[in-house]
1. Within a Cβ distance under 12 Å of Gly43, other residues only, what is the Lys/Arg minus Asp/Glu net charge?
2. List the residues whose amide H sits under 5 Å from the amide H of Gly102, counting only those 5 or more places along or on another chain, with H placed 1.01 Å from N in the peptide plane.
3. Can you give the angle from 0 to 90° between the axis of helix 111-147 and the longest principal axis of the chain, with both taken from C-alpha atoms, to the nearest 10?
4. In a shell of Cβ-Cβ distance under 12 Å around Phe52, excluding Phe52 itself, what net charge do Lys and Arg (+1) and Asp and Glu (-1) give?
5. Which far-off residues, 5 or more places away or on another chain, put their amide H under 5 Å from the one on Gly74, with H placed in the peptide plane?
6. Residues with beta-carbon under 14 Å from that of Asp97, excluding Asp97: net charge, scoring Lys, Arg +1 and Asp, Glu -1?
7. Could you tell me which label, among (1) 32, 23, 13; (2) 46, 18, 10; (3) 25, 17, 16, carries the value of semi-axes √(5λ) of the Cα gyration tensor in Å calculated for this structure?
8. Treating the angle as unsigned and between 0 and 90°, give the value, to the nearest 10°, between the Cα long axis of helix 8-32 and the longest Cα principal axis of the chain.
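Derivation of every value follows stated rules applied to the coordinates shown; laboratory data play no part. Predicted model, so just to flag it, every value in this text is computed and none were measured. We place every Cβ from the backbone using ideal geometry, glycine too, and count neighbours over all the protein chains shown.
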Amino acid sequence: MGFDTALGALNVSASGLNAERLRMEIVANNIANASATRTPNGGPFRRQDIVFETVLNGSGTVNGSWPEAQKLGGVRAVEIVEDQSEMPRVLNPGHPDADADGFVTMPNVNLPIEMVNLITATRAYEANLRAAQSFLEMSQQALSLVRG
């Protein structure tokens, strides 16, 4: 058994921690820009989301029964995409970004949805952290048994 194989579970948890940290940063950015009607690119802020993919390491057989079976290697962020949903328009004639009819195009950020996303990202982060801690505790117990 190679060193990478022995630390496989820790690598999977570490990739999950990294992915969920990035997801929390994206959600925090969405919340921070929930009322930004003017961006450097022009127009209101567009909500962002992150796309993940499963990382597969190597190929081979598992006990001779699964040809070309893949070994799980964790998760990684593929890209950050902008939400193309409709931007809400609010009547506010005194706003500097109001159009001729007095409507302001607002960001498509829905705060309750962002809070749910933040909570799920936090829970996933905590689960990955606990899995890594459990792996380290089991490794320490195994080493203590070997030492005798």
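1. Result for the neighbourhood of Gly43: -1.
2. Long-range HN contacts for Gly102: none found.
3. 20 degrees
4. Charge balance near Phe52 sits at -2.
5. Correct list: Val55.
6. 0
7. Derived directly from the coordinates: (2).
8. Orientation of helix 8-32: about 10 degrees from the principal axis.
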